[in-house]
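As structure tokens, the structure follows; a few thoughts come after it.
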Amino acid sequence: MGKRSDFMTHQYLRTYLQASFSGMRIRCHFNRFPVRIQYIAVRVAIMTALSIFMSLWVVQKTVAQGQEISVHLDRYYHFTELMRDPLVQAHLVRYRSNFDSTVQSILVLEPTSHQAKRLFFFFHGMDGDCGDGVIVRGLVNGVGAKVISLCGRGASWVSDAFVFDATQVINEYSKSYHGYYLMGVSMGGSQALSLAGLLPGKLRESILGVIALIPGSDLLAIANNSSNQRVKNTLSASMDGNLNELRQRSPYYLIDRYKKNLPFIIFYNEDDTVLLTNDIEMFINRLRKTHPVSTFTAPGEHHFVHRSIDYRKLFEELGRDSTEKKRMPMLK
């Protein structure tokens, strides 16, 4: 992974920027937008490009060290499709965290021409950021949703900072809606499942459903048994080494705090050694005793690369209690 790899990384980044800005000019009539909208779009493009660059660097370093890569989201594809979609608008919002007064970011996706009917809060994976929200852009057109993608402070898992920030953002943006949905991928899927039990009473009772994509359920077991050393390290670090607290904030041990009859959709890989297939299946079996759960699976190790999910059909599964292991519904 020497000079040739570095060259390919830089070429990939250059191609990404050219494709992104070209797509915005040609397909979205970029120059016709007000200057502020152009400015925001450029910031989103630059932020995502830098994230791609850093992700590639992490991939190179990880492979060089012989470690497993956690998850690949095909974010470049989803970002370029978002920039070309006239029905979806995206903008970055900064806010000051009540936890430590640091400035944090969220990415907002919503319809361009009408008020969204539903509100989703999305949580990214271990090495992601709020830009990962582009992978669920299909929610906007599919179910008429507004999506708030939180930055999450990197590999924060269920740390105090993450829980405080999530509570703050959810409280602020859910005021004009009669309930909302939690959704996340990988680490973010685990966070969505945990928040359903950790949020304060009123916010917890306002949750309408949870969609968890390739999540973990017993975080202490993952910290001990995951095949990915970085997952182990960041889980422990997120709680300052307090493994008892990590266990208590794990989805598996929060089921009793879930809203009564709260519906769940859980998608997982059948041979996941990173966030542990056996544990998520035990979690589903226990959860199903008190809550409706619809499950989807895919063969193989921990990964999530789906370009054309049919979110309307997926959303229709909320509230159904199905023991069948279905494949993810895809657009034709």
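Do we find a residue being surrounded by fewer than 17 Cβ atoms within 10 Å (Cβ to Cβ) and closer than 22 Å to residue 241 by Cα anywhere in region 217-224?
Yes, region 217-224 contains at least one residue that is surrounded by fewer than 17 Cβ atoms within 10 Å (Cβ to Cβ) and closer than 22 Å to residue 241 by Cα.
Of all residues being in contact (Cβ under 8 Å) with a residue 60 or more places away in the chain and in contact with a strand residue (DSSP E or B) (Cβ under 7 Å, 6 or more places away or on another chain) in region 307-329, which is surrounded by the most Cβ atoms within 10 Å (Cβ to Cβ)? Just the residue, please.
Only one residue fits best here, namely 314.
So if I check each of 101, 97, which one is at positive phi and either assigned by TED's automatic domain parsing to the domain that holds residue 301 or modelled with pLDDT of 95 or more (or both)?
101
From the list 152, 142, 188, exactly one residue is surrounded by fewer than 23 Cβ atoms within 10 Å (Cβ to Cβ) and either in contact (Cβ under 8 Å) with a residue 12 or more places away in the chain or basic (Lys, Arg) (or both). Which is it?
None of the other options fit; the residue is 142.
So, restricting to helices (runs of 4 or more DSSP H) that lie completely within region 217-292, which ones have at least 3 residues that are more than 21 Å from the chain's Cα centre (by Cα) and at pLDDT 95 or above?
Once the helices (runs of 4 or more DSSP H) in region 217-292 are filtered for at least 3 residues that are more than 21 Å from the chain's Cα centre (by Cα) and at pLDDT 95 or above, what remains is 219-225, 243-248, 277-287.
Looking only at region 110-124, which residues are more than 18 Å from residue 213 (Cα to Cα) and assigned to a loop (DSSP other than H, G, I, E, B)?
112, 113, 114, 115, 116, 117
Out of all the residues in region 164-184, which are buried (at least 17 other Cβ atoms within 10 Å of the Cβ) and under 22 Å from residue 116 (Cα atoms)?
Within region 164-184, 166, 167, 168, 169, 170, 173, 174, 180, 181, 182, 183, 184 meet the criteria.
When you look at residue 323, is it β-branched (Val, Ile, Thr), touching a Lys or Arg at 6+ places or on another chain (Cβ under 7 Å) and either part of a strand (DSSP E or B) or over 23 Å from residue 207 (Cα atoms) (or both), yes or no?
Criteria not met by residue 323.
The values are calculated or read from the model by the stated rules, or taken from the named source; none is laboratory data. Being a predicted model, the structure only gives us computed values, none of them experimental. Neighbour counts run over all protein chains shown; Cβ positions are idealised from the backbone, glycine included.
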